[in-house]
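Below is one structure, written out as structure tokens, with a few remarks after it.
Every number in this text was worked out from the coordinates using simple rules, so none of it is lab data. Bear in mind the structure is a predicted one, so any value in this text is a computation, not a measurement. With ideal geometry, Cβ positions are generated from the backbone for all residues, glycine too; neighbour counts draw on all protein chains shown.
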Amino acid sequence: MAIMTLLEAIRSALDYELGRDPNVLVFGEDVGFNGGVFRVTEGLQKKYGEKRVFDTPLAESAIVGISIGMSINGLKPIGEIQFDGFTYPAFDQLISHASRMRTRSRGKFNCPLVVRAPYAGGVHAPEHHSESPEVFYAHVPGLKVVVPSTPADAKGLLLSAIRDPDPVIFFEPKKLYRTAKGEVPDGDYTVPIGKARLVKEGKDMSIITWGVMVSVCEEAARQLAQTGVDVEIIDLRTIAPYDVATVLATAQKTGRVMIVHEAPRTCGFSTEIAAQISEKALYYLKAPILRVTGYDTLMPLYKMENFYLPNIEKILFTAKKLMEH
């Protein structure tokens with residue numbers, strides 16, 4: 001297996017599937033000649049030509065609208081939106097059309113498209129460039145929402161997303177593009193959508209998280225281990241559909257649950273997770289479910305970003321409160 005960054009793993013998945021399936025197309029703003037704003041698609045246009053890897057105007061709604069038309073006519077479009085906050089102009093196309101195609105046509109058509117977008121904070125970017133909108137899309141029946149946190153998962157989940165018969169929103173944690181490195185299986189490697197990853201086993205408390213926060217929670221768990229607290233970490237990997245069985249199993253095992261995500265707290269996806277645990281595993285709990293999240297504000301500009309985001313200190317503080325019960 002090769003060692004890759006998360007960015008390289010995504011590129012390898014696109015390369016593999018472009019080579020395997022002639023119906024796969026990659027397009028978006030600057031993805032062709034320039035190879036994308038982060039260079040994820042670098043070299044793909046030269047290898048596969050301008051008819052399969054091409055640039056589009058700065059028009060996110062058009063990128064998704066074109067994808068819908070392509071997908072119901074047998075193609076496998078992969079549209080890139082340059083940043084998470086710019087998926088909003090395409091929101092109507094996604095929720096009013098792509099997500100409903102199978103139901104609206106009574107199963108006559110499906111909509112196998114992928115929308116890729118750099119996601120979340122941690123790089124001190126300006127407004128609209130560091131959003132965490134996963135819960136918006138998770139709320140829409142018919143859409144799948146994926147957030148990888150390792151290079152291997154990035155490749156495996158993206159191949160699964162491209163081959164999925166329905167629309168998938170694939171959020172790529174931009175902070176991890178070049179900072180996350182790891183072994184990536186060669187060839188045809190897939191990771192199932194809807195299956196969480198057990199990052200670390202533990203017995204005293206569970207942390208459920210995804211994206212950039214996985215590595216933050218791992219470091220917090222290492223520091224908690226020095227105080228005798230054994231933490232179990234679950235990387236959700238897929239927000240919709242999410243792995244309820246694994247969430248309930250870890251809650252029942254440790255009896256103490258913390259949920260960590262970058263998005264604002266109110267109506268963040270932690271709310272759904274906490275509700276499921278409360279409904280189905282309440283009597284296993286030794287303490288209230290606690291959350292470490294972003295605040296109910298827009299992601300602040302770079303000087304305040306570190307204050308806004310969950311960090312090790314906030315996780316350690318919350319873990320102490322959990323263990324005191």
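On full extension, the segment bounded by Met1 and Thr227 gains 77.8 nm, given 0.36 nm per residue less the C-alpha separation. Note on Arg104 and Val244: with the Förster distance fixed at 30 Å, the Cβ-Cβ geometry gives a FRET efficiency of about 0.65. Each principal axis of the Cα cloud of the range 259-304 was evaluated for its coordinate range; sorted largest first, these ranges are 43, 17, 11 Å. Placing pseudo-labels 7 Å out from each Cα toward the beta carbon at Met304 and Gln276 gives an inter-label distance of 3.3 nm. Volume per residue of the convex hull around the Cα atoms, evaluated for the range 15-82, comes out as 69 Å³. At 4 °C and 1.567 mPa s, grab the translational diffusion coefficient of the chain from Stokes-Einstein with a Kirkwood Rh over Cα pairs, rounded to a whole number in µm² per second. My calculation gives 65 µm²/s for D.
Sparse packing (at most 16 other Cβ atoms within 10 Å of the Cβ) combined with a DSSP loop state is found for the following trypsin sites (Lys or Arg not before Pro) in the range 237-299: Arg265, Lys286. Note that the range 62-190, at 10 °C in a medium of 1.306 mPa s, gets a Stokes-Einstein diffusion coefficient of 106 µm²/s from its Kirkwood radius over C-alpha pairs. Annotation note: trypsin sites (Lys or Arg not before Pro) in the range 39-114 located in DSSP loop regions with a Cβ neighbour count of at most 16 within 10 Å are Arg39, Lys51, Arg106, Lys108.
Here Ala287 and His139 are evaluated by their C-beta separation; at R0 = 45 Å the FRET efficiency comes out at 0.95. The length gained by stretching the chain between Asp92 and Phe317 to full extension, at 0.36 nm per residue less their Cα-Cα distance, is 77.0 nm. Here the simple spin-label model places points 7 Å from the Cα toward Cβ, and for Arg265 and Asn73 these points are separated by 5.0 nm. Rounded to the nearest 500, the 222 nm mean residue ellipticity of the chain from helices alone is -10000 deg cm²/dmol, with -39,500 (n - 2.57) taken per DSSP H run of at least 4 residues. By the compact-protein rule of thumb, 2.2 N^0.38 Å, the alpha-carbon radius of gyration of the range 73-121 corresponds to a ratio of 1.27. Between Tyr295 and Thr190, the modelled labels are 4.4 nm apart [label points 7 Å from Cα along Cα→Cβ].
Applying both filters, DSSP loop and at most 16 other Cβ atoms within 10 Å, to the chymotrypsin sites (Phe, Trp or Tyr not before Pro) of the range 265-325 gives Tyr295.
Across the range 148-201, C-alpha contacts under 8 Å between residues 6 or more apart give a mean separation that, scaled by the residue count, equals a relative contact order of 52 percent. Computed log10 I(q)/I(0) for the range 197-316 at 0.16, 0.18, 0.19, 0.21 Å⁻¹: -0.71, -0.90, -1.00, -1.20, from the Debye equation with unit scatterers placed on every C-alpha and solvent omitted. Ellipsoid semi-axes for the range 155-254, based on the Cα gyration tensor and the rule √(5λ), read 26, 17, 11 Å when sorted largest first. P(r) tail for the range 40-135: Cα pairs beyond 17 Å make up 56% of the total.
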